[in-house]
Amino acid sequence: ADARITIDRDFTIADVPRRLFGSFVEHMGRCVYTGIYEPGHPQADERGFRRDVLELVREMGPTVIRYPGGNFVSGYRWEDGVGPVGDRPRRIDGAWHTIETNAFGLHEFVDWAREADVEIMEAINLGTRGVEEARALVEYSNHPGGTYWSDMRRRNGAEDPFGIKLWCLGNELDGPWQIGHKTAAEYGRLAQETAKAMKLVDDSIELVAVGSSNRGMPTFGTWEHTVLTHAYDEVDYISMHAYYRELDGDAESFLAEAVEMDAFIDGVIATIDAVKAAGKHTKQVNISFDEWNVWDFDRYNNEEEAAIAAAGWREHPRLIEDTYNVTDAVVVGTFLNSLLRHGDRVHIANQAQLVNVIAPIRSEQGGAAWRQTSFWPFERMARLARGRVLQLAVSASQIATKQYGDVDSVDAAATFDEETGRVVLFVANRSLESANDLTVDLRGFDGLRVVGAETLTIPEGGDRFTSNLETTPDAVHMVPLSAAEVVDGSVRATLPALSWSVIELA
Ligand code: AHR
């Protein structure tokens, strides 16, 4: 197999949106409790934050983290999570059939986010609650003081406002499973009025309206159209969510899911712009892809959900702790490529979730923390994608798939940082059997050399199902990509079968 990619210094599409490298912490399973927070763990600090997990989070480098849900937020009372811990109520979380102790809440998350050096993206409850609770939360978080809610924050130990800029107007309210599920018209009006009231408290905030929970929703397209027809003026982004999994061993289609992701994004862009045109708006609404990942949700729907209910009400049960293999990591790399390729319109994206729950980082209660295979593409891209997103012209041999017909054997994205002169290519080889001879023509760049080349692929003695289990936590990671070089103004490299590679040029 082979592929030729052409890049041109003058053909760029956007500044790299640094918020593309976001993640998500939900009060779900063991993401918070025994994930980022576990008082009594040997590695916990005096606030109960696990230092081992924090270290891995800092290494992975997320820029923004969505909190506290997810489905959880649609039944959540944020006031339960502030004030003296001993006074906080134990509640039933219907979304995940769990007892929520509220030992961890807003102040704890703000402190943790400072330690992790990430921006906060706060989701409000528009399932069971509305305008009043939302504007109270903005006042509590962002008003300096001298008012009811801001003084309560100060009494609770935070003199300075939290200054939270980014807010989600609810979660997946298009989904019948969501507590407080709504029609598009009901939600559109509620989002509009809530957004207005929140901005009247703090006009510097940015707001994300709920879009479709996935492209297969029967209301996909009409939902976005109706919601934005109501709320276009008041919101800044519309959300997208999508989870993908390998079905019935069909690895070829699974490896092509970024084609589906590209089409989903293009569909949402078209819908936003149709509303913009019809409404004669000048402002541009963009996309927050605030939940995406590989997730075997059939296992949750067919087995786990019933098992959790049968086990009765418990605190932080083990939930959707998927173990990721080489194939999953390559697919995650292609999703990051897709998001970057759409950097002109997708300005925020959050891999769901950060720890334990379909996560790149895992931890055991009282035990170790480790990286999953999917950690690596995220870490490399979050660190290396800088400057401008380059436009790519790709011509590649094709792979036949059951779901998506013939697709390119490679999936790529690239950035160019004018300040450092650095070009970085991120390229997956989707073929399960053959290496790919890649040529990248560099137009308008003089004297570039390969200064780094690495790949994530099947390790020696492993296969495409190899994962980083606790016993062999480093089985899959980035390894040198040999023989990548610039010859006559073109990069030449051989991409191993089933791989995601990074080639740095300077
Ligand atoms: O990330 C897991 C769940 O997936 C979230 O709670 C929900 O928003 C989505 O359906």
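Listing for the model above:
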{"item": "Tilt relative to the chain, helix 257-278 - C-alpha long axis, 0 to 90 degrees, to 10", "result": "60"}
{"item": "Degrees separating the helix 131-142 axis from the principal Cα axis of the chain, which is the longest one", "result": "70"}
{"item": "Spin-label pair residue 474/residue 186, simplified geometry with 7 Å Cα→Cβ offset, distance in nm", "result": "5.4"}
{"item": "Isotropically averaged projected area of the stretch 17-384, using the convex hull of Cα atoms (one quarter of hull area), nm²", "result": "17.2"}
{"item": "Degrees, to the nearest 10: 222-231 long Cα axis against longest axis of the chain", "result": "60"}
{"item": "Rounded to whole Hz, the Karplus (6.51, -1.76, 1.60) HN-Hα couplings of the stretch 393-401, x for glycine and proline", "result": "10, 10, 10, 9, 5, 9, 10, 7, 10"}
{"item": "Spin-label proximity, residue 483 to the stretch 420-447 - amide N less than 20 Å from point 7 Å beyond Cα toward beta carbon", "result": "427-441"}
{"item": "The chain - charge dipole about Cα centre, Lys and Arg +1 at Cβ, Asp and Glu -1, debye rounded to 20", "result": "860"}
{"item": "For the stretch 47-92: rounded, prolate or oblate by the Cα gyration tensor [a/c cutoff 1.5]", "result": "oblate"}
{"item": "Karplus-derived 3J(HN,Hα), 6.51/-1.76/1.60, for each residue of the stretch 298-315, Hz, glycine and proline x", "result": "5, 4, 5, 5, 8, 10, 5, 4, 5, 5, 5, 5, 5, 6, x, 7, 9, 7"}
{"item": "Estimated vicinal HN-Hα couplings, Hz - the stretch 285-291 in sequence order (Karplus 6.51, -1.76, 1.60; Gly, Pro = x)", "result": "7, 10, 10, 10, 8, 8, 8"}
{"item": "Antiparallel bridge percentage (DSSP; both residues within the chain; nearest 5)", "result": "55"}
{"item": "Length added when fully stretched, residue 196-residue 344, from 0.36 nm per residue minus Cα-Cα", "result": "50.7 nm"}
{"item": "Cα centroid of the stretch 272-293 to Cα centroid of the stretch 322-338, whole Å", "result": "27"}
{"item": "FRET efficiency for residue 11 and residue 298, using Cβ-Cβ distance with R0 set to 56 Å, rounded to 0.05", "result": "0.85"}
{"item": "Charge-dipole axis of the chain as Lys and Arg at +1 and Asp and Glu at -1 on Cβ define it, positive-most pick from 28, 200, 352", "result": "200"}
{"item": "Sequence ranges 83-95, 133-145, ranked by mean other-Cβ count within 10 angstrom, highest first", "result": "133-145, 83-95"}
{"item": "Spacing of the two label points (7 Å from each Cα toward its C-beta) at residue 114 and residue 2, in nm", "result": "5.8"}
{"item": "Total lysine pairs under 25 Å (Cα atoms) in the chain, excluding pairs fewer than 8 apart on one chain", "result": "13"}
{"item": "Farthest positive-ward along the chain dipole, Cα basis, beta-carbon charges - from 223, 145, 83", "result": "145"}
{"item": "Charged-residue dipole, Cβ positions (Lys, Arg, Asp, Glu), the stretch 1-89 about Cα centre, Debye nearest 20", "result": "100"}
{"item": "Radius 12 Å from Cβ of residue 119, net charge of other residues (Lys, Arg +1; Asp, Glu -1)", "result": "+2"}
{"item": "Label point 7 Å beyond Cα of residue 506 along Cβ direction - residues of the stretch 447-467 with amide nitrogen under 14 Å", "result": "448-453"}
{"item": "Check: the stretch 119-197 dipole with +1 on Lys, Arg Cβ and -1 on Asp, Glu Cβ, in debye", "result": "140"}
{"item": "Near-label residues of the stretch 278-297 by backbone N, under 13 Å of a point 7 Å along Cα→Cβ of residue 229", "result": "278-279"}
{"item": "The chain - percent relative contact order, Cα under 8 Å, separation 6 or more", "result": "20"}
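Taken together, the values in this text are just the output of simple stated rules run on the coordinates, not laboratory data. None of the values given here were measured: they were computed from a predicted structure. For neighbour counting, all protein chains shown are included, and Cβ atoms are generated from backbone atoms with ideal geometry for every residue, glycine included.
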